[in-house]
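Notes follow the structure.
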Amino acid sequence: MVRFIEENTKTVEKETGNKSNNDVTTAKKKVLQDLVINHGGGLINSWVDSMRACSPTHLKSLLKQNSWLTEHPSALDMFEDILHLSEGKQIVMFLDYDGTLSPIVDDPDRAFMSKKMRRTVRKLANCFPTAIVSGRCREKVYNFVKLTELYYAGSHGMDIKGPEQGSKYEEDSKSLLCQPATEFLPMIDEVYQKLVQKTKLTPGAQVENNKFCVSVHFRRVNENNWSDLANQVRSVMKDYPKLRLTQGRKVLEVRPIIKWDKGKALEFLLESLGYANCTDVFPLYIGDDRTDEDAFKILRERRQGLGILVSKFPKETNASYSLQEPDEVMDFLQRLVEWKQLRSGA
């Protein structure tokens, strides 16, 4: 487990060493997939364009809904096919939280999951190893979900902890803890405080400290003010070459510039469960955000398991199947539970 972290986690010190600021910027450009942090004149316009692209109401996909669904059919419609693919293998469940188990809401502090969804996830965890993988702080996600039998991976997988009450799938899951970005905590706190002050000038902006990352929510910000918000974020970020900026659904994410994401978290958890090099495991990852693509991509590369994107709109994705909203996610999970219970004679 320690070896896994050492091989897949490269801190900025290791990546940039004693290089010049220009070399640091070059290294950052290679790591960033969503937004590049530099001093180019057209940067803010690119940020705003990217912010629009991540907003469902602004999606201008060249693919029509029907043709997109041909490539990414409903996981509910294809449920029997998915079961066939998983035949003889151990299913391991990975679930995003916001937009997957709970609806997307204007106030991120009120992203509550329904009681019915919580009951469904509890039953799911009794049938399969189950992890919540979120950009939120791990403690916040736990407070939303309130289930002790789950694995929780917060801060985009940079804070992973095993079930509080232990797990039948892992002998020592209670001691499982992975925090590959601990050294960045003081810097993250500092950036959080600065962003809170800077973004006060933008009505509707909300800055959230997710421990190992900072989220700048712009869901309630008027689109005319997005450029101002991007400028405010940039004015803070330019002084922190060891941090990078990525983007999700109406949120800008400030993270340590290390090679760790939801895909790495998925691999870490599979290894922790003893499935690192197994062919008889079938990971199922369900998520709605751009950051979940890191996990979908890993599953495609491993040619093992599959990803399910939660979206009402056509999007470019590495997921194999789709669901439209959290209610459909709940229906899919319930069907998995019922299938497992029938097979187990429960």
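The values are calculated or read from the model by the stated rules, or taken from the named source; none is laboratory data. As the structure is a computational prediction, the values presented were derived from the model and not from experiment. Positions of Cβ are generated from backbone atoms using ideal geometry, with glycine treated the same way; all protein chains shown enter the neighbour counts. To get the accessible areas, we keep the full protein, side chains included, count just its heavy atoms, and leave off ligands, DNA and RNA. Shrake-Rupley method; radii C 1.70, N 1.55, O 1.52, S 1.80 Å.
Quick check: anything in segment 241-256 of a type in the set (A, V, I, L, M), within 23 Å of the chain's Cα centre (by Cα) and farther than 25 Å from T182 by Cβ? Can you show your working first?
Let us first name the residues in segment 241-256 that are of a type in the set (A, V, I, L, M), namely 243, 245, 251-252, 254.
Right, trim to within 23 Å of the chain's Cα centre (by Cα) and you get 243, 245, 251-252, 254.
Pick out the ones that are also farther than 25 Å from T182 by Cβ and you get none.
No, segment 241-256 contains no residue that is of a type in the set (A, V, I, L, M), within 23 Å of the chain's Cα centre (by Cα) and farther than 25 Å from T182 by Cβ.
Would you kindly identify the strands (runs of 3 or more DSSP E) lying entirely within segment 88-198 that contain at least 2 residues that are open to solvent by less than 10 Å² (accessible area, probe 1.4 Å) and not charged (D, E, K, R)?
Details: elements: 90-95, 130-133, 151-154, 159-161.
Because the criterion is at least 2 residues that are open to solvent by less than 10 Å² (accessible area, probe 1.4 Å) and not charged (D, E, K, R), the strands (runs of 3 or more DSSP E) in segment 88-198 that meet it are 90-95, 130-133, 151-154.
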Note on N224: of the conditions (1) in contact with a helix residue (DSSP H, G or I) (Cβ under 6 Å, 6 or more places away or on another chain); (2) surrounded by fewer than 24 Cβ atoms within 10 Å (Cβ to Cβ), unmet is (1)
Taking P203 and the conditions (1) at pLDDT below 95; (2) farther than 25 Å from G307 by Cβ; (3) surrounded by fewer than 22 Cβ atoms within 10 Å (Cβ to Cβ), which numbered condition does it fall short on, given that it satisfies the others? (1)
Qualifying positions in segment 289-310 - under 16 Å from G99 (Cα atoms) and at pLDDT below 95: D289, R290, T291
Check R249 against each of (1) under 30 Å from V221 (Cβ atoms); (2) touching a Pro at 6+ places or on another chain (Cβ under 6 Å); (3) open to solvent by 20 Å² or more (accessible area, probe 1.4 Å); (4) not acidic (D, E) and name the one condition it does not meet. (2)
Single match in Q304, Q341, Q334 (criterion: part of a loop (DSSP other than H, G, I, E, B) and either free of Cβ contacts under 8 Å to residues at least 40 places away in the same chain or over 17 Å from the mean Cα position of the chain (by Cα) (or both)): Q304
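Assess whether D81 counts as being more than 20 Å from C178 (Cα to Cα), acidic (D, E) and not in a helix (DSSP H, G or I).
Working: more than 20 Å from C178 (Cα to Cα): yes; acidic (D, E): yes; not in a helix (DSSP H, G or I): no.
No, not satisfied.
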